[in-house]
Amino acid sequence: MSDRKPLISGNWKMNLNHFEALKLIQELSYQVTVDDMEVVDISVHPPFTDIRSVQTVLDADKLPFDLGAQHCHFEPSGAFTGEVAPSMLAKLNVLYVIVGHSERREIFGETDEMVNAKVKAILANEMTPILCCGETLDEREAGDAKTKVGNQIVAGLSGLSPEQVGGLVIAYEPIWAIGTGKTASADDAQEMCAHVRSVVAETFGEEAGQSVRIQYGGSVKPTNANELLTQPDIDGALVGGAALEAESFARIAQYRLSGPDAG
Ligand code: 13P
């Protein structure tokens, strides 16, 4: 057993206004127990317009969830209409920021260089990047999945120290499994997450490889969470659709209770 504490993250994407966000957080707080939080970390990543409201309720009710964001710019301030600076998120007690999600890469043209600049900016503001990587179906079928993912990791983490890399989170999300209901088999997900870990170890040393947390993402649901999250190199999940409903997200966070041996 590794001593990496699993991180279960809910990426709400462009869903839920701030009233709906507060309702979901309250419901989640009824479903998740203090015991759960001893064995997993849980982060929620609402849209920007919800973050201040969610922060206020997390603080006021002392709820044990970590606050996350889905995106930020890499510059500290300036004429970047529509963008949000990392320091603005840090000021709201945001702990984790998702970087390089495939939707941002594909729809908004984020490059590996931009992803790398964001990773550095997030670290400079004392938050933790969740660096996303993953292959398309064509790349998988052509046998290129490991090369694609390895290249994304090396480019995204370029210039970081082994200590910085050891403290961050990487999310392996095969693009063909996102929002499609198609999950990678537990064996395939494990194989790719082990590959990510070996790329980190080769590039930044064994210690960084052993301490970096690697999430799986792509159609994670209560019914498949146990099988995926008990794999040796999978340290949590980045959840989209199933994070929009308190019960399903809580059941994913409680994946230990739904395994083949559960009573
Ligand atoms: P789904 O869980 O909806 O497949 O989304 C995964 C994802 O993209 C999380 O970032």
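In a DSSP loop and with at most 15 other Cβ atoms within 10 Å, the chymotrypsin sites (Phe, Trp or Tyr not before Pro) in the range 1-92 are 80.
Over the range 121-188, all Cα pairs binned in 10 Å intervals from 0 give whole-percent P(r) values of 18, 46, 26, 10, listed from short to long. Summarising the overall dimensions of the chain from its C-alpha atoms, the Rg and Dmax are 17.2, 57 angstrom.
Just the accessible area per residue of the chain, please: how many Å² with a 1.4 Å probe?
Details: 11910 Å² over 263 residues.
Roughly 45 Å² per residue, with all protein chains present.
Once you keep just the Cα pairs under 8 angstrom separated by 6 or more residues, what percentage relative contact order results for the range 52-182? Don't skip to the answer; put the middle values down first.
Values: 176 pairs, mean separation 29.1, N = 131.
Relative contact order comes out at 22 percent.
Mean silhouette area of the range 44-112, derived from the convex hull of its C-alpha atoms and averaged over all directions, reads 5.0 nm².
Normalised size of the range 8-156, defined as Cα radius of gyration per 2.2 N^0.38 Å with N residues, equals 1.12. Considering only 43, 185, 87, the mean-square fluctuation computed in a Gaussian network model of the chain, springs between alpha carbons under 10 angstrom, is largest for 185. For residue 5, the lysines whose Cα comes closer than 20 Å to its Cα, not counting residues fewer than 8 places off in the same chain, are 221.
Quick check of the Kirkwood formula: for the range 83-224, what is the inverse mean of 1/r over all pairs of different Cα atoms, in Å?
Numbers: mean 1/r = 0.0650 Å⁻¹.
Here the Kirkwood hydrodynamic radius works out to 15.4 Å.
Considering only 81, 111, 203, the Gaussian network model of the chain with Cα springs below 10 Å gives its largest mean-square fluctuation to 81.
Of the accessible area of the chain, computed with a 1.4 Å probe over protein heavy atoms only, carbon and sulfur atoms account for 52 percent. With contacts taken as Cα pairs under 8 Å and at least 6 residues apart, the range 111-263 reaches a relative contact order of 21 percent. Largest mean-square fluctuation among 47, 129, 232, in a Gaussian network model of the chain whose springs join Cα atoms under 10 Å apart, belongs to 232.
Among the DSSP helices (H) of the chain, those spanning at least 15 angstrom by Cα along their long axis with an average Kyte-Doolittle hydropathy of -1.0 or more are 18-31, 48-60, 112-124, 145-156, 186-204; this is a geometric and hydropathy rule only. When the Cα positions of 162, 198, 243 are compared along the charge dipole of the chain, 243 comes out farthest toward the positive end, with charges on each C-beta of Lys, Arg, Asp and Glu.
Rg of the Cα atoms in the range 23-74, relative to 2.2 N^0.38 Å, amounts to 1.18. All Cα-Cα separations within the range 149-231 were binned at 10 Å from zero, giving a P(r) of 19, 49, 26, 6, each value a whole percent of the pairs. The mean sequence separation of alpha-carbon pairs under 8 Å and at least six residues apart, normalised by the residue count of the chain, gives a relative contact order of 20 percent.
Helix-only estimate, please: 222 nm mean residue ellipticity of the chain, summing -39500 (n - 2.57) across DSSP H runs of length 4 or more and dividing by its residues, to the nearest 500. Intermediate results must be reported in sequence, preceding the final value.
Numbers: 13 runs with 122 residues, N = 263.
Rounded to the nearest 500, the figure is -13500 deg cm²/dmol.
The values are calculated or read from the model by the stated rules, or taken from the named source; none is laboratory data. This is a predicted model, so every value here is computed, not measured. Because the Cβ atoms are built from the backbone with ideal geometry, glycine has one as well, and the counts that use them run over all protein chains shown. Side chains are part of the model used for accessible areas, which takes the heavy atoms of the whole protein and leaves out ligands, DNA and RNA. Shrake-Rupley method; radii C 1.70, N 1.55, O 1.52, S 1.80 Å.
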